[in-house]
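Structure first, then comments.
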Amino acid sequence: MVKVLIIGATGYIGGATAAALRKNNHRVYGLARTADKAKALAQNEIIPIEGSVDESDSYAKEIEKHAIDVIIDIAGPPSTTQKLLADLAPVAEARNKKFSHGPSNKIGFIYCGGMWVHGSSVDPVSDLELVGTDRATTNPPELVAWRPALEDTILSKTDLFDSIVVRPALVYGGISPIWGLPWGPIAAGLSSNASSVTIPVDAEAIASLIHVDDVATGFVAAVENLPILSKTYPVFDLSTSFEPVALINQLAARALGYKGKLEYHVPDGPDGLFPRAFGTTLNSSGSRLTALTGWRPTKLSMLSEVDIYAQAWLAANN
């Protein structure tokens, strides 16, 4: 049994990860900004810690009080992660000093990044490759250009933490919030009976994909094998398939009942930051995590059941 605190436990990936950890009998804590969110966590067997990384460092005392073993940061903004690391430093230093004459008891720190840091590549890429440097073969899209530096900061804290970075591919399944970018226009076109809709994504994009449930079990594998993983090259891509985005959208439109034409145009300027990132063509896998931990994803194709995923997205957003 591992005591795990999830920053972002009330979110899409965080909620799925919390449930998967509980299924494996781990003791799971979640940071909650409000009493309502704390109540929602408690109802799902997640022990709430009320507070916010952005607003206070009071949660750090709770981490010390409950002797949390591993923290998973799925919050998102780089400023939140930077403050989180700063707030945790005194706790980690005290714990490491306490156990300086015995077995290591470093706090584990798992950061949820994303595979867009690789940039676009039809050729296979590996999580062993450098990203965001002059030696990288491709550059990350502007939206996540800050992420390689943050990953470096996290991984430089080996004196304080057992740290790794987990990079899920483009996530789908359940409410699929990110898929509102291409599927929102389709749903709007269906409602207005439009003869065509414009989707703000690169029509030629081929995405690395992963179901949210497989992301969650990937994090479980990372938690349960953290001492080993942190001693290897501590960056792990999570992906299960490599599929054309336009074909996914075509089948989603059919499932939603839209019969009009799908057209594609990526906006220029700031409005195109997210669409350009979404259209990252990337061919990678989760093979290293599988080899080191035995992680076995179960949903290996979005295309095979895109009708279910599109209907689930529609039910969650209408």
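Specify, per residue and in Å³, the volume enclosed by the convex hull of the alpha carbon atoms belonging to region 230-307.
Normalising the Cα hull of region 230-307 by residue number yields 125 Å³.
Over region 22-150, what number does the Rg to Rh ratio reach, with both radii from the alpha-carbon atoms and Rh per Kirkwood?
Radius of gyration relative to Kirkwood radius: 1.04.
Mind pulling up the Rg/Rh value for region 134-176? Radius of gyration and Kirkwood radius, both on Cα.
Rounded to two decimals, Rg/Rh equals 1.07.
Mean residue ellipticity at 222 nm from the helices of the chain, using -39,500 (n - 2.57) per DSSP H segment of n ≥ 4 over the full residue count, to the nearest 500 deg cm²/dmol?
It lands at -12000 deg cm²/dmol.
Which lysines have a Cα lying under 22 Å from the Cα of Lys39, excluding residues fewer than 8 positions away in the same chain?
Candidates past the 8-residue exclusion: Lys3, Lys23, Lys61, Lys65.
Report, in degrees rounded to the nearest 10, the 0 to 90 angle that the Cα long axis of helix 180-192 makes with the longest principal axis of the chain.
Helix 180-192 sits roughly 40 degrees off the main axis of the chain.
Normalised by the residues of the chain, what does the relative contact order come to in percent, with Cα pairs under 8 Å and at least six apart?
19
Using the Kirkwood radius over Cα pairs, work out the Stokes-Einstein diffusion coefficient for the chain at 10 °C and 1.306 mPa s, in µm²/s as a whole number.
78
Using a Förster radius of 35 Å, what is the FRET efficiency between Asp57 and Thr290 based on their Cβ-Cβ separation? Nearest 0.05, please.
Once the sixth-power term is evaluated, E becomes 0.40.
If you take every residue apart from Leu262 with its C-beta less than 14 Å away from the C-beta of Leu262, what net charge results, scoring Lys and Arg +1 and Asp and Glu -1?
That sum, taken over residues with Cβ under 14 Å, equals 0.
Mind listing the phi-derived Karplus ³J(HN,Hα) values for region 161-176, rounded to whole Hz, using 6.51, -1.76 and 1.60 with θ = phi - 60°, and x for any glycine or proline?
With the stated coefficients, region 161-176 comes to 10, 8, 10, 9, 10, 10, 10, x, 6, 5, 8, 9, x, x, 6, 6 Hz.
Just to confirm the number: angle between the C-alpha axis of helix 245-256 and the first principal axis of the chain, 0 to 90 degrees, nearest 10?
70
Can you run phi through the Karplus equation (6.51, -1.76, 1.60; θ = phi - 60°) for region 28-34 and list ³J(HN,Hα) in whole Hz, with x for Gly and Pro?
Result, rounded to whole Hz: 10, 10, x, 7, 10, 6, 10.
Values quoted throughout were computed directly from the atomic coordinates according to the rules given, and no laboratory measurement underlies them. Keep in mind that this is a model prediction, so the values were computed, not measured. Because the Cβ atoms are built from the backbone with ideal geometry, glycine has one as well, and the counts that use them run over all protein chains shown.
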